[in-house]
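Remarks on the structure that follows.
The values are calculated or read from the model by the stated rules, or taken from the named source; none is laboratory data. Predicted, not measured: the structure shown is a model, and the values here were computed from it. Note: ideal-geometry Cβ built from the backbone for every residue, glycine included; neighbour counts use all protein chains shown. Ligands, DNA and RNA are excluded from the accessible area calculation, which covers all protein heavy atoms including side chains. Shrake-Rupley method; radii C 1.70, N 1.55, O 1.52, S 1.80 Å.
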Amino acid sequence: MTKAATAPLKFSSSDKRRVLANGMMRQSVAHAPLEPISDPSSPEVAAIPESHYRLDLHPAYLNLLARMAEVEQADLGGGPYFRFHQGLARDTTRIGEREYISFSNYNYLGLSGHPALKAAVVDAIDRYGTSVSASRMVGGERPIHVELEGALAELLDSEACLAFVSGHGTNVTTIAHLFGPKDLILHDTLVHNSIQMGALLSGARRIAFRHNDWPMVDDLLQRHRHHYERVVVILEGVYSMDGDFPDLPRFVELRERHRVFLMVDEAHSLGVLGARGRGIREHFGLSGSDVDIWMGTLSKSLASCGGYIAGCRELIWNLKFGAPGFVFSVGMSPANAAAALAALQVMVAEPERVAELRQRSALFLQLARERGLPTGSSKGVSVVPLIVGDTKRCVALTNALFQRGIDVQPILYPAVRERAVRLRFFINGTHTEDQIRWTIGIVDEEWRRFGGGRPG
């Protein structure tokens, strides 16, 4: 580093005068007299529509009511959302007085409630309390954060890592901070809402490409790359609605050929793909540096809460001192950091958990397809959808399965298109083969009873 770069910042006399004048101007504006308050009885005020100042008439709320009414009018036995669950989120759950086989949580490796995680959480709370009570920059940094980030970076074959308090917020703040109006964001049409919100907030041009269609991305880059400064292609490791994954080496090749950034969201692939659960990188035998931005969450396989970004040191320093969702947010709680670190350690020490998850998921998909159930493009690695294609029938099927002891949630519009509404089965390594075989038998019966039939 040069002496100029390390020299203390100094202001000249003219700089000081400009700062002082600017401050006086802002102060005079702040104390300027306010405009007279509008008369509520004036024609201008009376002409304002009620929907512009009443929350009960907000368009999004009215749209929600309309969608709820559509389901309730079918007299389908009540809604499937926000049911009270007792106990751990794993292969079974207790709702009311009954136990159900649960496919509504993504505790993929069965680590939520694991003794090692509970002990680590208790120790972290004893050492650091229940909150770090500040942003990490100004007073919330704890050794447990650094330990977690170091372990994640090593697992992902990356130089550095940064943990965020929110998984959704990780994508939003990272994408919005790194890219701007002179840039281009290309993302798979099925990426998570958090990626789309980050892209919108960035102000960059956004183009969605057909699901897993790398030739389309190649064509888009040939036509558009030279019009923008930074270009990023964003994918997911495992797509949470469909249970499939991209041909990542093809996208790595495009990254190198077109000189663009590549970002992969591993929320549902860490702990799932790869012989040891190290994600899509391990599955394809790639190095960490083949992808510029590795994103993931701590709430699935790692049985905690929050998100992370991994990559080169320069990326992490940029985010650590610049990403609003990190700088202006409280640091991750000691309990969540400790739980994620302990879960990672158990996953590394017990790779058989990953193997069991893959075996159970493959069995579920195999049995479903043998029955002719429409499972879309699922690869059977943790998520298997049942494509229903009609909201009322989807909710009816959900409630019928619930009555028979199976807890699975419907995914409805606008989360997916109406013709793609579905039941989404999350498979955990703790599901037994008997549970899976019994479930598929019941699903097949109810599917045909509600008019699903078999493909002709």
**Report entry** Backbone HN-Hα couplings from phi across the range 350-356 [Karplus 6.51/-1.76/1.60, Hz, Gly and Pro as x]
**Finding:** 10, x, 4, 5, 5, 4, 5
Query - Cα-based helix-to-principal-axis angle, 391-403 vs the chain, degrees rounded to 10 - result: 60 degrees
Report task. Amide H neighbours of Phe209 under 5 Å, at least 5 residues apart or on other chains, H built in the peptide plane: list them. Result -> His187, Asp188, Thr189
Query - Long-range amide H partners of Phe261 with built H, under 5 Å - result: Val231, Val232, Val233
Query - For Gly167, net neighbour charge (Lys/Arg +1, Asp/Glu -1) across residues whose Cβ lies under 12 Å away - result: -1
Report summary line: Most packed first (mean Cβ within 10 Å per residue), the peptides 253-260, 377-384, 325-332 order as 377-384, 325-332, 253-260
Query raised in the report: Ranked highest first by the average count of other Cβ atoms within 10 Å around their residues, in what order do 43-49, 205-211 fall?
Result: 205-211, 43-49
**Report entry** Under the Karplus curve 6.51 cos²θ - 1.76 cosθ + 1.60, θ = phi - 60°, whole-Hz ³J(HN,Hα) for the range 248-262, x wherever Gly or Pro sits
**Finding:** 4, x, 5, 6, 4, 4, 5, 4, 6, 6, 9, 6, 10, 8, 10
Query - Debye, to nearest 20: dipole size of the chain, +1 on Lys, Arg Cβ, -1 on Asp, Glu Cβ - result: 680 debye
Report summary line: In Å, the C-alpha Rg and Dmax of the chain are 25.4, 84
Query raised in the report: What does the charge add up to near Arg313, with Lys and Arg as +1, Asp and Glu as -1, over the other residues with Cβ less than 11 Å from its Cβ?
Result: -1
Query - Amide H within-cut-off set for Gly296, under 5 Å, with H built and near neighbours excluded - result: Glu266, Tyr308
Report task. Using only Cα atoms, find the angle between the long axis of helix 143-155 and the longest principal axis of the chain, and express it within 0 to 90 degrees, rounded to the nearest 10. Result -> 60 degrees
Report summary line: Expressed as a percent, the accessible surface of the chain that is carbon or sulfur, using a 1.4 Å probe and the full set of protein chains, is 55 percent
Query raised in the report: Dipole size in debye (nearest 20) for the range 127-247 around its Cα centre, Lys and Arg Cβ +1, Asp and Glu Cβ -1?
Result: 640 debye
Query raised in the report: Once phi is turned into θ = phi - 60°, what whole-Hz ³J(HN,Hα) does the Karplus curve with 6.51, -1.76 and 1.60 give for every residue of the range 220-228, x standing for Gly and Pro?
Result: 4, 5, 4, 8, 10, 3, 6, 8, 10
Query raised in the report: What accessible area per residue, rounded to a whole number of Å², is obtained for the chain using a probe radius of 1.4 Å?
Result: 50 Å²
Query raised in the report: So what does Thr297 come to for accessible area, using a 1.4 Å probe and Å² rounded to 10?
Result: 10 Å²
Query raised in the report: Residues with beta-carbon under 15 Å from that of Gly237, excluding Gly237: net charge, scoring Lys, Arg +1 and Asp, Glu -1?
Result: -4
Query raised in the report: Helix 13-30: angle to the longest alpha-carbon principal axis of the chain, degrees 0 to 90, nearest 10?
Result: 60 degrees
Query raised in the report: Roughly what % of DSSP beta bridges within the chain run antiparallel, to the nearest 5?
Result: 55 percent
Query raised in the report: Hey, could you pull the Cα Rg and Dmax for the range 305-456, both in Å?
Result: 20.0, 58
